[in-house]
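Student: Take this structure first; my questions come after.
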Amino acid sequence: MSQTANYDQIIYNVAIEEGLSSKLAGFMVQQAKFESNDYQSDVFKDCNNSYGYKYVGQSLSNGPCNGSPEGDAYAGYNSVKDSAREIARWIKRREDQFKDVNTSDEYSAVLKKNGYFGDNLANYQKGLKRYSDAVKNLMNQAITKHPTETILTGITFFGLLGYYIYRVVKKK
């Protein structure tokens, strides 16, 4: 597994651990890849900051790191996990706004509405879309990595569906 794929998996797993849907976890991976220039930016390398998140005294940050072009500082983190956890919790605090998000365009619009980024919305949406294939691959790996669990989940679902149908028909 490449280091980039490893970061993708770490971020995805943290988002799931924090209670986000797999869809939102995928959008978080796209966002991290875009914000960090596919994990190549100085802010990512020096600060473990996957999202270009500015330092404002966050509890998961270990303090200010590199300066930003705007004159303030980016948040520094001990690990990529802490950076992802910070964003997942930011999303959770706005959970009602993200509940109906189904596309990266909608995800970007909610971020913009909440002042997450200063760029124009179209540029941000285009940036996230560049990484949609990587997220699709990540989601497919989750299914193929655990085929037994996937099959058992399907069997359980159809078993329960059959039982429910049987009960409804039996009542009539």
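Student: Being outside any helix (DSSP H, G or I) and either out of contact with any strand residue (DSSP E or B) (no Cβ under 6 Å at 6 or more places or on another chain) or at pLDDT below 95 (or both) narrows it down to one of Asp96, Asp100, so name that one. Can you show your working first?
Tutor: On the way: Asp96 fails: outside any helix (DSSP H, G or I).
Residue meeting the stated conditions: Asp100.
Student: Just give me the residues in region 22-47 being at pLDDT 95 or above and hydroxyl-bearing (Ser, Thr, Tyr), in sequence order.
Tutor: If the condition is that a residue be at pLDDT 95 or above and hydroxyl-bearing (Ser, Thr, Tyr), then Ser36, Tyr39, Ser41 are the ones that fit.
Student: Sticking with this one: Does Gly127 count as modelled with pLDDT of 70 or more and not in a helix (DSSP H, G or I)? Even if it seems obvious, please write down each step before you answer.
Tutor: Values: modelled with pLDDT of 70 or more: yes; not in a helix (DSSP H, G or I): no.
Against the criterion (modelled with pLDDT of 70 or more and not in a helix (DSSP H, G or I)), Gly127 does not qualify.
Student: I want to confirm something. Restricting to region 8-47 and keeping residues that are surrounded by 21 or more Cβ atoms within 10 Å (Cβ to Cβ) and among the hydroxyl-bearing types (Ser, Thr, Tyr), which single residue is farthest from Glu95 (Cα to Cα)?
Tutor: Ser36
Student: May I pose another question? If you go through region 30-52 one residue at a time, do you hit one that is of a type in the set (S, T, N, Q), in contact (Cβ under 8 Å) with a residue 12 or more places away in the chain, over 14 Å from Asp8 (Cα atoms) and part of a loop (DSSP other than H, G, I, E, B)?
Tutor: Here is the first cut: in region 30-52, the residues of a type in the set (S, T, N, Q) are 30-31, 36-37, 40-41, 48-50.
After this cut, where a residue has to be in contact (Cβ under 8 Å) with a residue 12 or more places away in the chain as well, the list is 30-31, 36, 48-50.
Remaining after also requiring over 14 Å from Asp8 (Cα atoms): none.
No.
Student: So which residues in region 63-80 are surrounded by 22 or more Cβ atoms within 10 Å (Cβ to Cβ) and assigned to a loop (DSSP other than H, G, I, E, B)?
Tutor: If we filter region 63-80 for residues that are surrounded by 22 or more Cβ atoms within 10 Å (Cβ to Cβ), which is where we start, we get 74-75, 77.
The answer is Tyr77, and nothing else.
Student: Out of all the residues in region 48-62, which are under 18 Å from Met28 (Cα atoms) and either at pLDDT 95 or above or loosely packed, with under 13 Cβ neighbours inside 10 Å (or both)?
Tutor: Asn48, Asn49, Ser50, Tyr51
Student: Please find, within region 130-139, the residue that is nearest to the chain's Cα centre (by Cα) out of those that are at pLDDT below 90 and not charged (D, E, K, R).
Tutor: That would be Val135.
Student: Does region 114-124 contain at least one residue that is at pLDDT 80 or above, within 17 Å of the chain's Cα centre (by Cα), surrounded by 11 or more Cβ atoms within 10 Å (Cβ to Cβ) and polar (S, T, N, Q)? First the steps, then the outcome.
Tutor: Initially, region 114-124 is screened for residues at pLDDT 80 or above, giving 114-124.
Checking the rest, the ones that are also within 17 Å of the chain's Cα centre (by Cα) come to 114, 116-117, 124.
Among the residues that remain, those that are also surrounded by 11 or more Cβ atoms within 10 Å (Cβ to Cβ) are: 114, 116-117, 124.
Retained after the next criterion (residues that are polar (S, T, N, Q)): 114.
Scanning region 114-124, I find at least one residue that is at pLDDT 80 or above, within 17 Å of the chain's Cα centre (by Cα), surrounded by 11 or more Cβ atoms within 10 Å (Cβ to Cβ) and polar (S, T, N, Q), so the answer is yes.
Student: Right, here's the next one. List every residue pair whose Cβ atoms sit under 7 Å apart, with the two residues 6 or more apart in sequence or on different chains, where the first one lies in region 15-28 and is acidic (Asp, Glu) and the second, anywhere, is modelled with pLDDT of 95 or more and in a helix (DSSP H, G or I).
Tutor: Glu18/Arg85; Glu18/Ala88; Glu18/Arg89; Glu18/Lys92
The values are calculated or read from the model by the stated rules, or taken from the named source; none is laboratory data. These figures come from a predicted structure and were not determined experimentally. Every residue, glycine among them, receives a Cβ derived from its backbone with ideal geometry; neighbour counts consider all protein chains shown.
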